[in-house]
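The structure under discussion appears below in the form of structure tokens.
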Amino acid sequence: MENIKLKAYGKINLGLDVLRRREDGYHEVKMIMQTVNIYDELELRRRKDGLIDLKVNVPNLEADESNLVYKAIKLIKDTCGIEDGVAAYLTKNIPIAAGMAGGSADCAAALRGMNELFQLGLSTEELCKLGKKLGADVPFCVVGGTMLAEGIGEILTPLKSVKGDYLVIAKPSIDVPTKYVYENLHVNEGNRIHPNVDIQLEAIEEGDYNKLYNNMGNILESVTVEKYGVINDIKESLMSLGAKAAMMSGSGPTVFAIFDKEEDAIAAREALAANNNFSFDTLCVTTYTE
Ligand code: ATP
């Protein structure tokens, strides 16, 4: 095989709780991860000179050793003793540093791609194990679908697929550093209200989506909305435009909202785009994927 093209799907969190901050600084989480149909595209091509050469189609993302695609290629090359080089072309569609795990998705796609390109025969489990070295969300992105993620995000339990419904994904043009959000959470001080992820798990098992959406919660929202009021404004606008539920994904600032009908999601997207109070990097309609 000379080259391979892959899709790297982004995710949202239907529920996100942080249980505690560990002594080593990591946070123990309990999250419902859901793949959505927004994806980056990655092409990998063999080169004979042994070098890794990455090209990215956007100016605001480094294409050097700091890029997770580069790291994934290097990790596989080193682990499996591959002498050939790889040219990689990454086309970004998932908003960057937005709470949709775009970097982890690209990383997972690069791992899967290397496995195929060089016919390494690594199992999904082995790819997840390697992925964990590069980021807690990478194992989820290797598998995708609907999953419960625990530990620091790497302990995965598959859940029944969540289907149907349309999503408006809205990434406002603001930067919310993940570090800021976790540093200001102070979860061990007991001052935060925790979402009930267990009820959501029950709802998914029963296929009761009203129950699922009525219990949606993201503990990180309590930190971000204090400083970035626009996140709440977007949520309220989407609710007033007919969404069944709206919430921030991950550490934000992306907000997603759920609609029964595609035309209602499209109308809400258009109304938001026409609202001069807001400015978005990404504003689109999508669906869940498995
Ligand atoms: P998460 O939801 O896992 O917290 P995120 O959506 O907030 O992730 P990402 O888009 O994954 O954030 O990017 C986080 C950081 O990782 C960025 O600041 C970026 O510099 C770095 N990064 C490295 N490689 C990539 C990549 N291929 N795509 C996006 N970001 C990357």
Label zone at Asp78, where the point sits 7 Å out along the Cα-to-Cβ direction: region 100-141 residues whose backbone N lies under 14 Å: 130-135
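How much of the accessible area of the chain, probe 1.4 Å, is carbon plus sulfur, in whole percent?
On the way: 5950 of 13230 Å².
Of all accessible area on the chain, carbon and sulfur atoms account for 45 percent.
Rolling a 1.4 angstrom probe over the protein heavy atoms, how many square angstrom per residue are accessible across region 1-101?
Values: 4790 Å² over 101 residues.
Computed with neighbouring chains in place, this is 47 Å² per residue.
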Entries of Lys74/Lys235; Lys30/Lys227; Lys129/Lys179 with Cα pairs more than 32 Å apart: Lys74/Lys235
Mean-position separation - Cα centroids, region 128-168 and region 55-94, in angstrom: 21 Å
Translational D in µm²/s for region 32-81 (Stokes-Einstein at 20 °C, 1.002 mPa s, Kirkwood Rh from C-alpha pairs): 165 µm²/s
Label-point gap, in nm, between Ala271 and Arg20 - each point 7 angstrom along Cα→Cβ: 4.4 nm
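How large is the accessible surface per residue of region 149-244, computed with a 1.4 Å probe and reported in Å² as a whole number?
Roughly 50 Å² per residue, with all protein chains present.
All other residues with a Cβ under 14 Å from the Cβ of Val225 taken together, and with Lys, Arg as +1 and Asp, Glu as -1, what is their net charge? Mind dumping the intermediate values first?
Numbers: positive: Arg192, Lys227, Lys235; negative: Glu221, Glu226, Asp233, Glu236.
With Lys, Arg at +1 and Asp, Glu at -1, the net is -1.
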Chain lengthening between Lys7 and Glu236 when straightened (0.36 nm per residue, less Cα-Cα): 79.2 nm
Cα Rg, Dmax, region 221-290, angstrom units: 11.8, 35
Check: the chain dipole with +1 on Lys, Arg Cβ and -1 on Asp, Glu Cβ, in debye: 360 debye
Rg to Rh quotient for region 34-124, alpha carbon positions, Kirkwood Rh: 0.96
Nearest-0.05 FRET efficiency for Glu189 and Thr91, computed from C-beta distance (R0 41 Å): 0.45
Radius, Kirkwood style, for region 135-246 when every pair of distinct Cα atoms is counted (Å): 16.1 Å
Per-peptide average of other Cβ atoms within 10 Å, ordering 228-234, 6-12 highest first: 6-12, 228-234
In nm, spacing of pseudo-spin labels at Glu206 and Arg45 (7 Å Cα→C-beta vector): 5.4 nm
Cut-off 10 Å between beta-carbons: net charge of the residues surrounding Ala98, Lys and Arg +1, Asp and Glu -1: -1
Range of Cα positions in the chain per principal axis (Å), largest first: 56, 43, 36
For Gly85, residues with placed amide H under 5 Å, excluding near neighbours: Arg47, Lys48, Asp49, Gly50, Leu51
Charge dipole (the chain, unit charges on Cβ, about Cα centre) - positive-most of Ser251, Gly102, Gly121: Gly121
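Give, in nm to one decimal, the length gained when the segment between Ser279 and Asn57 is fully stretched (0.36 nm per residue of separation minus the Cα-Cα distance). The partial results should precede the final answer.
Values: separation 222, 0.36 × 222 = 79.92 nm, distance 2.19 nm.
Full extension from Ser279 to Asn57 adds 77.7 nm.
The values are calculated or read from the model by the stated rules, or taken from the named source; none is laboratory data. All of these numbers come straight from a predicted model, not from anything done at the bench. Don't worry about glycine lacking a Cβ; one is built from the backbone with ideal geometry, like all the others, and counts go over all protein chains shown. Side chains included, ligands, DNA and RNA excluded: accessible areas come from the protein's heavy atoms. Shrake-Rupley method; radii C 1.70, N 1.55, O 1.52, S 1.80 Å.
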